[in-house]
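Read the figures in this text as sums done on the coordinates, not as results from a lab. None of these values were measured; they are calculated from a predicted model. Backbone-built Cβ (ideal geometry, glycine too); neighbour counts: all protein chains shown.
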Amino acid sequence: MKRRQLLGYAGAGLVTTLVTSLGSDLQVNAQSGGSLSIQWLGHTSFLFTGGGVKILTNPFRTIGCTAGYRAPKVAADLVLISSQLLDEGAVEDLAGNPKLIYEPGAYEFNGIKFQGIAINHDRKGGKQFGINTAWLWKQGGVSILHLGGAAAPISIEQKILMGRPDVALVPVGGGPKAYNPQEAKQAIQTLNPKIIIPTHYRTQAADTANCDISPLDDFLTVMNGMTVRRSTSDTLTVSSGKLPDNGAIQVLSYKY
């Protein structure tokens, strides 16, 4: 697939930068070996640290379902966003000067290859909220699939691109913009990931009057029988050599 343009962030606007090998002077073997740290920053925002690279996903504005979270103003080398909606594409106040990618396509950054896969952000063929970009990459020897705000079933073509990820971040809280628990279960059965990290569900951060997604327990009830691991931390360290074969749900804690 033709490599798309990689977008850099500057001030309050987005500037387009054509690259042939972005960060080539700082090449690191980020795809293989070592381990990966995954920190939950609330909603669908995570910080992935491994192979000498920090990758931030889906920074949000603190309103509605994310009202009680802290804005994810953390330093990162690269930011991946799934859409330009405020709950996963608020890039106005990013720390530092990270590179930004927000369109489907094939990219490379510091030795890591990224695949942005288009999937509808609603159940109306994308007519309501447009296209969501699911991100697939390998970092620290661990393959990661972040589904963002996917709301449509995974097609055969998308499944071929996604493969079987080591870690899949799956929205589970429903509403008009993402999978509800049953839809999330279907996606998980299609992908068969080794670790499932649920995202996009109601927590105590929600502004009750302006949040239309369901709590995590609704999803866990649907997934009855699957191993569930609950962490007291917001951070998980994953090693490629220590992944469960049969799949497990990993629940991270948010430090309010």
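Note down the magnitude of the dipole of the range 111-219 about its Cα centre, charges +1 on Lys and Arg C-beta and -1 on Asp and Glu C-beta and zero elsewhere, to the nearest 20 debye.
For the range 111-219, the charge dipole is close to 360 debye.
Which whole-number percentage describes the relative contact order of the chain, with Cα contacts under 8 Å and a sequence gap of 6 or more?
Result for the chain is 19 percent.
For the range 96-103, in order, what is each residue's ³J(HN,Hα) by Karplus, 6.51 cos²θ - 1.76 cosθ + 1.60 with θ = phi - 60°, in whole Hz (x at glycine and Pro)?
After applying 6.51 cos²θ - 1.76 cosθ + 1.60, I find x, 9, x, 6, 9, 10, 9, 10 Hz.
Say the cut-off is 22 Å between C-alpha atoms; which of 73/194; 99/124; 54/113 go over it? Intermediate values should be presented prior to the final figure.
Numbers: 73/194 29 Å; 99/124 32 Å; 54/113 14 Å.
Long pairs (Cα-Cα over 22 Å): 73/194; 99/124.
Summing -39500 (n - 2.57) over the DSSP H runs of n ≥ 4 in the chain and dividing by its residue number, what mean residue ellipticity at 222 nm do you reach, to the nearest 500 deg cm²/dmol?
So the helix-based figure for the chain works out to -2500 deg cm²/dmol.
Could you tell me how far the Cα centroid of the range 207-239 sits from the Cα centroid of the range 98-160, in Å?
21
What is the dipole size for the chain, taken about its Cα centre, with +1 at each Lys and Arg Cβ and -1 at each Asp and Glu Cβ, in debye to the nearest 20?
My answer is approximately 340 debye.
Here are several values of semi-axes √(5λ) of the Cα gyration tensor in Å: (1) 39, 28, 14; (2) 25, 21, 18; (3) 39, 23, 17. Which one was derived from the coordinates shown?
(2)
Find which of 125, 175, 243 sits farthest along the positive direction of the dipole of the chain, computed with +1 on the beta-carbon of Lys and Arg, -1 on that of Asp and Glu, about the Cα centre.
243
At 0.36 nm per residue, minus the direct Cα-Cα distance, what do residue 156 and residue 231 gain on full extension? Give it in nm, one decimal, please.
23.7 nm
Specify which residue in the list 154, 69, 144 is farthest towards the positive end of the charge dipole of the range 34-167, using unit charges on the beta carbon of Lys, Arg (+1) and Asp, Glu (-1), about the Cα centre.
Going by the Cα projections, it comes out as 154.
Could you work out the mean projected area of the convex hull around the alpha carbons of the range 47-168, in square nanometres to one decimal?
Numbers: hull surface 30.7 nm².
Hull-based average projected area comes out at 7.7 nm².
Could you put 99, 113, 242 in order, starting from the residue whose Cβ has the fewest other Cβ atoms within 10 Å?
On the way: 99 20, 113 14, 242 8.
Going from sparsest to densest Cβ surroundings: 242, 113, 99.
Would you mind checking which residues have amide H under 5 Å from residue 128's amide H? H placed 1.01 Å from N; only 5 or more apart, or other chain.
none
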